[in-house]
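A.B. asks: Pasting a structure below so you can have a look.
The values are calculated or read from the model by the stated rules, or taken from the named source; none is laboratory data. The structure presented is a predicted model; accordingly, all values stated were derived computationally and were not measured. Cβ: placed from backbone, ideal geometry, glycine included. Neighbour counts: every protein chain shown. Ligands, DNA and RNA are excluded from the accessible area calculation, which covers all protein heavy atoms including side chains. Shrake-Rupley method; radii C 1.70, N 1.55, O 1.52, S 1.80 Å.
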Amino acid sequence: MLSVRQKVALQFLVSNLALVANFALSIVLARLLTPQDIGIFSMSAVLMAVAHVFRDFGVTAFIKREKELTPETLRNAFGVLLTTSWSVAAVMFVSAPYWAQFFHESRVMPAVQVLALGFVFIPFGAIPMAVLQREMAVEKSARITAVTSVVYFGASVALALMGFGPMTMAWANLVNIITTGAMARWVVGRPLPWLPGFRQIGDIVHFGLGNLLTALLKAADNALPDILLGRWMTPAAVGLFSRANSTVNMVGTALLPTVNFFALPYMAKVHHSDGPVASEFLRASSLINSLMLPAFAVIAVLAHDIVSLLYGRAWLEAVPAIPWLCLSYAISSLFTLSAPALTGVGKPYAAIGPNAMLVTAKTAVAIWLMDGTLHTFALAIALGQLLSVPYYLWIHERYLGLRWIAWIKSTMSLVLQALLVGSICLGIRQALPQDIAPWVAIGVTGMGALLAFLVGCLLLRLPMADELQRLQHALMQRRRNP
């Protein structure tokens with residue numbers, strides 16, 4: 001059996017290998033398909049994010065946090081998931097012509113209909129996948145990811161070469177869903193229900209509704225920049241802000257899939273076995289943010305170099321927004337575990353208030369400060385994020401038993417570490433020639449950031465220092481006993 005630390009390391013490796021595979025696939029498809037093909041699929045897939053929120057209805061979260069899973073509970077969960085998924089599939093299939101009419105593009109309709117067909121098969125794989133995540137069975141999940149990544153890559157390339165055009169990703173998505181479901185059923189290693197039950201619908205729906213509303217608010221939060229900038233500025237501003245956002249979010253893209261895999265089942269396990277989760281919440285949050293916050297500090301300092309290297313000088317107008325977005329993401333990162341912890345202790349509705357406050361604050365401040373520049377808009381997003389902090393602290397104290405003084409004490413150490421890393425990076429970057437090659441600036445400054453990170457962990461006695469010492473000890477033991 002793998003230890004929790006080994007499981008985290010394996011999941012981090014697997015999720016990032018899958019990310020690399022998807023990135024490679026996007027490069028290949030960019031050469032096999034036309035921009036119009038990809039654009040038509042993108043328009044078709046807009047519905048997917050919202051549809052998935054309604055389709056899941058919090059059922060998988062319910063499975064992950066239940067203290068005991070009986071066959072009857074799984075049958076009832078399957079019944080709810082089947083009902084919601086097939087309802088979403090029907091709505092998407094029927095509305096496909098109207099979606100195509102909205103975009104004035106007839107080829108959107110068949111793509112939406114194929115995507116809708118995928119929702120018919122999703123419930124059969126969603127239940128075993130939720131069980132695997134509940135049990136933190138990373139080894140089994142890794143096998144599924146490996147197989148489905150290869151199948152999805154191969155199917156996408158084959159369909160593109162066969163001339164499927166904009167339907168390439170739609171059919172590949174369907175193949176991927178069916179493969180994932182079949183693999184999950186096989187790998188889980190136990191009988192799972194094929195027939196639905198409907199006796200526990202009230203409890204599941206009540207629990208799921210809290211997750212549904214929270215997920216919708218998060219989707220609204222993610223959509224705010226596109227909506228507000230699209231309404232008051234230009235499409236170019238939307239594109240520039242998107243690049244700034246994706247630059248800052250590189251950290252989350254690398255780390256959060258691993259965090260999301262473990263967060264809810266781990267917090268639920270702590271709650272069911274030990275009761276209070278406050279101390280474990282602080283420790284886990286410190287481990288996550290001792291990595292996240294310094295990374296945001298580095299990105300803020302190297303924004304110009306990173307954008308130049310990744311996207312080219314044509315995108316440098318996005319740079320002024322990046323430092324404020326780093327601040328916004330840093331504040332948000334401090335509450336990464338809030339929703340999973342609240343769900344884990346059986347209070348999914350408690351996360352609705354802070355998320356509603358967050359969306360409202362961001363919208364109000366953005367409208368108040370909007371002056372036509374990305375810099376000010378990003379500042380407004382950061383201020384809106386900051387205004388939601390007191391609400392989160394109140395929710396933590398009420399439902400998690402986490403006193404705000406303890407949270408501030410833990411957070412101040414993380415902030416000091418991030419300031420140390422940021423200051424070292426700023427000093428190194430200013431000492432380098434301004435016209436130096438971006439990759440050289442990033443490499444040299446990154447080495448200084450790594451050293452500052454290690455020193456900060458040790459000086460401030462962060463939980464990450466203990467993890468690093470354990471890793472060092474394990475490596476030394478392995479070297480002595482090969």
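A.B. asks: Determine if the range 233-253 includes at least one residue that is under 30 Å from VAL345 (Cα atoms), modelled with pLDDT of 80 or more and buried (at least 21 other Cβ atoms within 10 Å of the Cβ).
C.D. replies: Within the range 233-253, one or more residues are under 30 Å from VAL345 (Cα atoms), modelled with pLDDT of 80 or more and buried (at least 21 other Cβ atoms within 10 Å of the Cβ).
A.B. asks: Still on this structure, I have one more. Only residues that are surrounded by fewer than 16 Cβ atoms within 10 Å (Cβ to Cβ) and not in a loop (DSSP other than H, G, I, E, B): list them for the range 148-163, please.
C.D. replies: Selection gives VAL150, GLY154, ALA158, LEU161.
A.B. asks: So, ALA170, is that one more than 18 Å from GLN133 (Cβ to Cβ), of a type in the set (A, V, I, L, M, F, W, C) and without any contact (Cβ under 8 Å) to a residue 24 or more places away in the chain or not?
C.D. replies: Taking the combined requirement at face value, the residue does not satisfy it.
A.B. asks: Determine, yes or no, whether ILE40 is farther than 22 Å from PHE103 by Cα and modelled with pLDDT of 75 or more.
C.D. replies: no
A.B. asks: Another question, if that's okay. Of LEU228, LEU217, LEU209, LEU240, which residue is in a helix (DSSP H, G or I) and either within 19 Å of the chain's Cα centre (by Cα) or without any contact (Cβ under 8 Å) to a residue 60 or more places away in the chain (or both)?
C.D. replies: Within the list LEU228, LEU217, LEU209, LEU240, the selection yields LEU217.
A.B. asks: Hey, another quick one. Could you please let me know if LEU287 is open to solvent by 20 Å² or more (accessible area, probe 1.4 Å), part of a helix (DSSP H, G or I), within 23 Å of GLU135 (Cβ to Cβ) and at pLDDT 90 or above?
C.D. replies: It is true that LEU287 is open to solvent by 20 Å² or more (accessible area, probe 1.4 Å), part of a helix (DSSP H, G or I), within 23 Å of GLU135 (Cβ to Cβ) and at pLDDT 90 or above.
A.B. asks: Which one of the conditions (1) crowded, with 19+ Cβ neighbours inside 10 Å; (2) assigned to a helix (DSSP H, G or I) does ALA364 fail to meet, given that it meets all the rest?
C.D. replies: Status for ALA364: all satisfied but (1).
A.B. asks: Would you check if PHE296 is of a type outside the set (S, T, N, Q), modelled with pLDDT of 90 or more, buried (at least 22 other Cβ atoms within 10 Å of the Cβ) and more than 30 Å from GLN430 (Cβ to Cβ)?
C.D. replies: no
A.B. asks: More than 19 Å from ALA284 (Cα to Cα), part of a helix (DSSP H, G or I) and open to solvent by less than 10 Å² (accessible area, probe 1.4 Å) - does that describe any residue in the range 390-409?
C.D. replies: Among the residues of the range 390-409, not one is more than 19 Å from ALA284 (Cα to Cα), part of a helix (DSSP H, G or I) and open to solvent by less than 10 Å² (accessible area, probe 1.4 Å), which makes the answer no.
A.B. asks: A follow-up question, please. Checking the structure you have, find out if any residue of the range 112-125 is open to solvent by less than 40 Å² (accessible area, probe 1.4 Å), part of a helix (DSSP H, G or I) and on the phi > 0 side of the Ramachandran plot.
C.D. replies: Checking the range 112-125: not a single residue is open to solvent by less than 40 Å² (accessible area, probe 1.4 Å), part of a helix (DSSP H, G or I) and on the phi > 0 side of the Ramachandran plot.
A.B. asks: When you check PRO128 against the structure, is it farther than 17 Å from MET169 by Cβ and touching a Lys or Arg at 6+ places or on another chain (Cβ under 9 Å), yes or no?
C.D. replies: Considered against the rule, which asks whether it is farther than 17 Å from MET169 by Cβ and touching a Lys or Arg at 6+ places or on another chain (Cβ under 9 Å), PRO128 comes out as yes.
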